[in-house]
1. Within segment 215-236, work out how many residues are away from the ligand (no atom under 16 Å from the Cβ), assigned to a helix (DSSP H, G or I) and open to solvent by less than 10 Å² (accessible area, probe 1.4 Å).
2. Within the set of pairs 6 or more residues apart or between chains, which connect a residue that is within 16 Å of the ligand (Cβ to nearest atom) inside segment 42-70 to a residue that is hydroxyl-bearing (Ser, Thr, Tyr) with Cβ atoms less than 8 Å apart?
3. With the requirement that a residue be open to solvent by 10 Å² or more (accessible area, probe 1.4 Å) and assigned to a helix (DSSP H, G or I), what does segment 252-289 give you?
4. Just the residues that are assigned to a helix (DSSP H, G or I), in contact (Cβ under 8 Å) with a residue 60 or more places away in the chain and open to solvent by 20 Å² or more (accessible area, probe 1.4 Å), please, taken from segment 290-318.
5. Quick one: is PRO102 crowded, with 22+ Cβ neighbours inside 10 Å and not in a helix (DSSP H, G or I)?
6. Residue by residue through segment 415-429, note down the ones that are out of contact with any Leu (no Cβ under 7 Å at 6 or more places or on another chain) and either of a type in the set (Phe, Trp, Tyr) or under 29 Å from ARG457 (Cα atoms) (or both).
7. Go through (1) modelled with pLDDT under 95; (2) within 16 Å of the ligand (Cβ to nearest atom) and name the single condition VAL184 misses.
8. Tell me the residue from VAL198, VAL167, VAL203 that is away from the ligand (no atom under 16 Å from the Cβ) and either farther than 22 Å from LEU113 by Cβ or out of contact with any His (no Cβ under 7 Å at 6 or more places or on another chain) (or both), please.
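The values are calculated or read from the model by the stated rules, or taken from the named source; none is laboratory data. Computed from a prediction, not measured in an experiment: that's the story for all the values here. FYI the Cβ positions are ideal-geometry reconstructions off the backbone, even for glycines, and counts take in every protein chain you see. Only protein heavy atoms, including side chains, enter the accessible area calculation; ligands, DNA and RNA are left aside. Shrake-Rupley method; radii C 1.70, N 1.55, O 1.52, S 1.80 Å.
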Amino acid sequence: MNSPDSRFKTIIEPFRIKAVEPIRFTTRDERQRALEDAGYNLFALHSDDVLIDLLTDSGTGAMSSAQWAGMMRGDESYAGSPSFYRFESAVKGITGFEHVLPTHQGRAAERILCSVALKPGDIVPNNTHFDTTRANVEAVGATALDLPVPEARDTGSLAPFKGNMDVEALRRLLAERRESVPLVMLTVTNNSGGGQPVSMANVRAVSAVCREHGVPLFIDCCRYAENAYLVKTREPGYEDKSPREIATEMFSYADGATMSAKKDGMGNIGGFLALNDDALAQAARNQLILTEGFPTYGGLAGYDLEALAVGFEEALHEDYLRYRIRSVEYLGERLLAADVPIVRPTGGHAVYIDAKALLPAVPQTEYPAWALSCVLYLEGGVRSVEIGSVMFGRQPDGTEKPAPLELVRLAFPRRTYTQSHVDYLAEVIAYVGSIRERVRGVRIVSAPPVLRHFTARFEPAHGSLLT
Ligand SMILES: Cc1ncc(COP(=O)(O)O)c(C=O)c1O
């Protein structure tokens with residue numbers, strides 16, 4: 001990988017564009033109608049009514065010409081396809097794990113791991129469980145325990161590795177309850193904790209505690225390449241190592257990994273479970289056959305396996321990672337300059353606006369982050385996602401409890417938007433920041449009992465979103 005010419009500061013997209021997909025401009029009136037039709041729920045919008053779609057970075061990225069070329073090589077044999085062996089070799093080359101089981105996405109790898117490794121009453125610690133990981137742990141009657149470091153909860157703290165696990169808390173847990181902990185997980189980067197990275201020192205320390213107690217460590221490695229780059233740029237001693245060397249060192253401290261390849265696999269679909277333990281791998285393969293498919297395709301087409309085999313390597317290209325992480329950081333800087341509060345420092349895949357700080361006059365009972373995400377769509381055609389009291393406020397007993405944070409997440413699809421898209425985003429969000437006093441809250445009209453953010457319908461709590 002060449003380093004950029006230090007005489008020139010502008011970071012350009014490290015690709016040129018071979019195929020384009022038009023995006024559709026809408027008027028503000030059209031977006032007002034689309035919002036009303038969608039019951040003020042951005043999940044219910046038709047995506048061609050969205051100008052810039054930052055709902056998620058999962059499976060939404062652009063593939064490279066090498067990936068598309070790889071897809072033409074896809075061999076659709078039911079068993080023993082060379083496409084599988086190329087996929088397996090790419091995963092083994094980066095992770096070093098002995099057994100590689102392809103799955104249709106990350107949650108399938110989690111489900112299989114949980115079904116073979118956990119039993120009711122077990123405890124699985126993690127820095128912060130992603131929703132699907134938590135749900136899969138809980139589905140087998142085990143407890144998903146989050147052990148983030150304290151600074152993870154402070155949105156203003158500039159600590160470089162707010163994704164770390166609290167090692168002392170893990171040590172105490174294993175000293176007291178070792179027999180209830182069949183495995184420990186570490187999510188890199190920590191998505192539910194703001195996309196914040198985990199340091200190599202933390203991975204090493206967590207691994208040492210696990211090994212002391214004979215507990216296997218599994219990495220939820222959806223964003224392993226972004227984490228590697230953030231280690232390179234933030235952790236002393238790693239500045240001269242390549243993202244690939246850093247990723248490989250990280251995996252060497254673990255016993256297995258689950259992955260959604262819709263992130264740093266650079267694919268639109270896919271995932272894997274990788275591990276060293278022969279007996280556990282055999283049990284997992286049996287589960288894989290039951291629900292996903294034969295072990296050499298695991299629910300994926302041969303062409304998907306080819307695209308991912310290329311994607312795992314491309315995600316580690318330093319030019320790409322520099323552009324990606326810098327784009328996120330640049331948007332963060334523009335928002336701070338416009339006095340729009342965000343979670344700091346920016347992490348790997350998203351910028352999180354702190355809606356509680358931006359809209360102090362909107363009470364949490366009127367869902368400020370939800371209202372803000374609607375206003376961003378109304379004013380600029382930008383789709384984001386609320387991570388606040390709509391997502392987390394409803395308790396299992398039906399009562400309502402405000403979430404600790406009211407965030408709007410702007411997740412960047414990979415290799416999809418350019419610098420001018422980011423400049424446009426900065427302008428739209430700064431404009432909404434400038435009219436913050438006019439933003440009003442929303443109320444729920446109807447909602448399902450669980451996971452309500454996907455399908456609930458809303459209306460402005462005071463007649464309209466803006467006064
Ligand atoms: C950290 C993390 N783990 C697991 C998953 C689940 O992956 P998938 O959506 O492919 O099932 C995600 C998806 O967003 C994630 O961010």
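1. Qualifying residue count for the region: 1.
2. The qualifying pairs are PHE43/THR455; ASP53/SER47; ASP53/THR60; LEU54/SER384; LEU55/SER384; SER58/SER260; THR60/THR416; GLY61/THR416.
3. Within segment 252-289, SER252, ASP278, ALA279, LEU280, GLN282, ALA283, ARG285, ASN286, GLN287, ILE289 qualify.
4. Of all residues in segment 290-318, those assigned to a helix (DSSP H, G or I) come to 290-291, 302-314, 318.
Narrowing the set further to residues that are in contact (Cβ under 8 Å) with a residue 60 or more places away in the chain leaves 291, 302-314, 318.
Once the filter is applied, which keeps residues that are assigned to a helix (DSSP H, G or I), in contact (Cβ under 8 Å) with a residue 60 or more places away in the chain and open to solvent by 20 Å² or more (accessible area, probe 1.4 Å), segment 290-318 yields THR291, TYR303, ASP304, VAL310, GLU313, GLU314, GLU318.
5. Yes.
6. TYR417, TYR424, GLU427
7. (1)
8. On the way: VAL198 fails: away from the ligand (no atom under 16 Å from the Cβ); VAL203 fails: away from the ligand (no atom under 16 Å from the Cβ).
Result of the check over VAL198, VAL167, VAL203: VAL167.
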